[in-house]
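Everything on this sheet refers to the single structure shown next.
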Protein chains: 2
Amino acid sequence: MSKRLAAIVSAGLSKFGKRDGLYARELFAEASRECFEDSRNLRPSRDIEALYVGQMCESYEHQAHMAPLMSDWAGLGHIPAVRVENACSSSGCALRCGIMAIMSGMHDVVMVGGVEKMTHLSTQKNVEYLAMASDFQFEQRNGMNFPALYALMAVAHMHKHGTTEKQMAMVAVKNHKNGALNPKAHMQKEITLENVLSSKPVAWPLKLYDCSLITDGASCMILTKPSIAKKFTDDPVYVTGSAQANDKLNLFERDDLTSIKATQLASRKAYKMAGVRPSGIDLAEVHDCFTIAEIIAYEDLGFCKKGDGGRLIEQDETSLQGRIPVNTSGGLKSKGHPVGATGVAQACEVYYQLTGRAGKRQIPDAKVGLTHNIGGSGATAVVNIYSKR
Amino acid sequence: MSKRLAAIVSAGLSKFGKRDGLYARELFAEASRECFEDSRNLRPSRDIEALYVGQMCESYEHQAHMAPLMSDWAGLGHIPAVRVENACSSSGCALRCGIMAIMSGMHDVVMVGGVEKMTHLSTQKNVEYLAMASDFQFEQRNGMNFPALYALMAVAHMHKHGTTEKQMAMVAVKNHKNGALNPKAHMQKEITLENVLSSKPVAWPLKLYDCSLITDGASCMILTKPSIAKKFTDDPVYVTGSAQANDKLNLFERDDLTSIKATQLASRKAYKMAGVRPSGIDLAEVHDCFTIAEIIAYEDLGFCKKGDGGRLIEQDETSLQGRIPVNTSGGLKSKGHPVGATGVAQACEVYYQLTGRAGKRQIPDAKVGLTHNIGGSGATAVVNIYSKR
């Protein structure tokens, strides 16, 4: 048995989607309420000792210093509450802070979560704010934005490995199929290959349906010291591996456009820590901010050989019935991508799957899961591994 | 002997001030360079295992996801780097994340720090961005800003405890006197009571010289597991108490305007953890974003009885020669307040004092120090206690 770093004893998600008329604080309260309803013997103001919450962008609501506010709206009282920001991996990093807070012995029970309220602003404003996750000096001010950055990676991957637009489109089709089975997903609608391939170009070769959604949503979960987890649930899930790695913020300074080195480094470390190989993973939530990102993640996480990502999706290996189901929740593509909430939302899906509560998208007998959360164009990658035992 | 949570083996500060033509990344590189020059046997890309860095506001440079960037500019390689944001207590919270990372056993050597680049923008823009640390719904959009929030506290304190404008002005005079002895301080200039009292009203009773400075700066330090500290320095300083507490973000929802409950809760916990009483503290860096904030901090930290803060400064108890020297560095008032850098900068001052390297402002025989870092109007407070042994 591998070492248990922390136990997950409860999880909660707000409905993801266009949540008109709500503030981030209200979305976070919705997620945390579900977290407490889902748990046994846990009361907000009595049991939770600290909160680590991810949010990418204070500009959306002109609101910094949001951690005490989220703590307040979740009813947590005067506990230490900390906001973590690493772009789209904000709550992946917050989750790791929570794990370390437990491991440190400083706290026995902590809440981790994330939130982003995005849809009240125009697409143009969203593109501008999200671009802050790339480098100002060399990327933003020269007109780069995220579809353009990932388009560069896609073109390089097509050139070097023969990946096709059709293979990328298959990622979108699969994730929409999964999302249609997830009542919390933003877009519960299946789409066809033709829909994707004929959708409006955003930054060639990426088209509208290759891009994840601008979504409002919040996620949270409660972590405890492993030895006390059974007090709160019969069915804890343990974090057995956790690693993060970083790389140059600028795409142009990286060694290779066709892989994300931070993912490779973090996953190698997480696998080693958990004592498991890629073949031992029963399901994974990976960071599909664009379809090409999922294909690159297959390779960097070791689910297939370098350059074979396109063939992996083509051979249906990552569907619900495949050898290694990926993004059973619908992923960022169909469940939605409220950037700050994504990392912990991925962990929630693995928790639901490993505790047999994933409804129509349940993977039978899932025992070991993995989450992969990227910040920006890959300057941050967080990989966690979870186990029932 | 109290428990050692982590050891400080090195510290570095950029010059604080108006640093025209530099980006935050360059300021952070300046601070980190000093950190490595100050240490023995520490190499950036080999020894540092993680970075936690505080920054309040991505709007200043239109730059989020700054942690990998700071890591890169400090030469730290592919290590996990995390940005923490809790308004003006951002690096206070980052420091605590670093302490817990050490305590968790996940890392043996980490860097913590903070940075803010502010002076390239107008005062108006600064006031607007800093206001994000207060509540959008009930404070910002009704025209509140930080001088106004602290003015409300000042008026309440004057009304309830008889605190005077002159006593507040004495805080400014003392801190400028200390700052004049600190070569890293933004404003190395003594001022008189008359200067303060006749300065332009900002939000009555607070005048220009009651307010801390808009400053560019960066801070960092290297923490290790206590048992290996002597590998890197002959003179480590240990963190023996660390606590954070939070309160309502809105001032109007708090129980009392004349004290900051989060400070009271955090300091009680930190004292207990360190096994020390307020009378055992040899020097303290407290959060003097406005002069009234230092007076309230005296009381909340237990340096005097509730309501006696004004008399404490009047009796010269907190000067360099006093019973409990406060803000020997010059504080936020004179050293400057690059908001994200402040929490770790306070810890740097205590480190310099406890290792006898505080130059002309050295407190003889200082053995135990305290830092007190506030976020916003007091929704976050971080209190740490440090000891030579």
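Starting from residues that are of a type outside the set (Ser, Thr, Tyr) and more than 12 Å from every other protein chain (Cβ to nearest Cβ), keep the ones in the stretch A:255-265 and report whichever is surrounded by the most Cβ atoms within 10 Å (Cβ to Cβ). My answer is A:Leu257. In the stretch A:135-178, of all residues being within 14 Å of chain B (Cβ to nearest Cβ) and in contact with a helix residue (DSSP H, G or I) (Cβ under 6 Å, 6 or more places away or on another chain), the one that is farthest from A:Thr318 (Cα to Cα) corresponds to A:Gln140. In the set (1) more than 8 Å from every other protein chain (Cβ to nearest Cβ); (2) touching a residue at least 40 places away in the same chain (Cβ under 8 Å); (3) under 22 Å from the mean Cα position of the chain (by Cα), B:Glu128 fails one condition alone, (2).
The set of residues in the stretch B:240-254 that are within 30 Å of B:Met221 (Cβ to Cβ) and within 12 Å of chain A (Cβ to nearest Cβ) comprises B:Gly241, B:Ser242, B:Ala243, B:Gln244, B:Ala245, B:Asn246, B:Asp247, B:Leu249.
Per the listing A:Arg277, A:Arg268, the residue uniquely surrounded by fewer than 21 Cβ atoms within 10 Å (Cβ to Cβ), away from chain B (no Cβ under 14 Å) and modelled with pLDDT of 95 or more is A:Arg277. For the stretch B:189-220, the set of residues classified as surrounded by fewer than 21 Cβ atoms within 10 Å (Cβ to Cβ), polar (S, T, N, Q) and touching a residue at least 24 places away in the same chain (Cβ under 8 Å) is empty.
Tell me, please, whether a residue that is of a type in the set (D, E, K, R), surrounded by fewer than 21 Cβ atoms within 10 Å (Cβ to Cβ), touching a Ser or Thr at 6+ places or on another chain (Cβ under 9 Å) and not assigned by TED's automatic domain parsing to the domain that holds B:Leu95 can be found in the stretch B:168-188. Scanning the stretch B:168-188, I find at least one residue that is of a type in the set (D, E, K, R), surrounded by fewer than 21 Cβ atoms within 10 Å (Cβ to Cβ), touching a Ser or Thr at 6+ places or on another chain (Cβ under 9 Å) and not assigned by TED's automatic domain parsing to the domain that holds B:Leu95, so the answer is yes. Applying the criterion of being small (Gly, Ala, Ser), more than 17 Å from A:His287 (Cα to Cα) and crowded, with 24+ Cβ neighbours inside 10 Å to the residues of the stretch A:73-104, the residue that is farthest from the other protein chains (Cβ to nearest Cβ) is A:Ala74. Evaluating A:Glu26 against the criteria (1) in contact with a Leu (Cβ under 8 Å, 6 or more places away or on another chain); (2) free of Cβ contacts under 8 Å to residues at least 60 places away in the same chain; (3) over 19 Å from A:Ile102 (Cβ atoms); (4) not hydroxyl-bearing (Ser, Thr, Tyr) leaves one unmet condition, (1). Taking the criterion of being hydroxyl-bearing (Ser, Thr, Tyr), closer than 10 Å to B:Asp108 by Cα and touching a residue at least 60 places away in the same chain (Cβ under 8 Å), the only residue of the stretch B:221-235 that qualifies is B:Thr224.
Residue-level analysis places B:Lys367 outside the set of residues that are of a type in the set (Lys, Arg) and more than 21 Å from B:Pro278 (Cβ to Cβ).
Number of residues in the stretch B:35-72 that are touching a residue at least 60 places away in the same chain (Cβ under 8 Å), more than 14 Å from every other protein chain (Cβ to nearest Cβ) and on the phi < 0 side of the Ramachandran plot: the value is 5.
Considering A:Ala293, A:Ala347, A:Ala297, A:Ala358, the condition of being surrounded by fewer than 24 Cβ atoms within 10 Å (Cβ to Cβ) and either touching an Asp or Glu at 6+ places or on another chain (Cβ under 7 Å) or among the small types (Gly, Ala, Ser) (or both) is satisfied by A:Ala358 alone. Considering the stretch B:224-259, and only residues there that are closer than 26 Å to B:Ala148 by Cβ and in a helix (DSSP H, G or I), the residue that is nearest to the chain's Cα centre (by Cα) turns out to be B:Leu251. Scanning the stretch A:115-149 for residues that are β-branched (Val, Ile, Thr) and in a loop (DSSP other than H, G, I, E, B) yields one hit, A:Thr119. Farther than 30 Å from B:Asp38 by Cβ and either within 16 Å of the chain's Cα centre (by Cα) or basic (Lys, Arg) (or both): is that true of B:Ser334 in this structure? The answer is no for B:Ser334.
The values are calculated or read from the model by the stated rules, or taken from the named source; none is laboratory data. Predicted model only: the values in this text are computed from it and were never measured. When we count neighbours, we look across all protein chains shown, and the Cβ atoms used for this are built from the backbone with ideal geometry, even at glycine.
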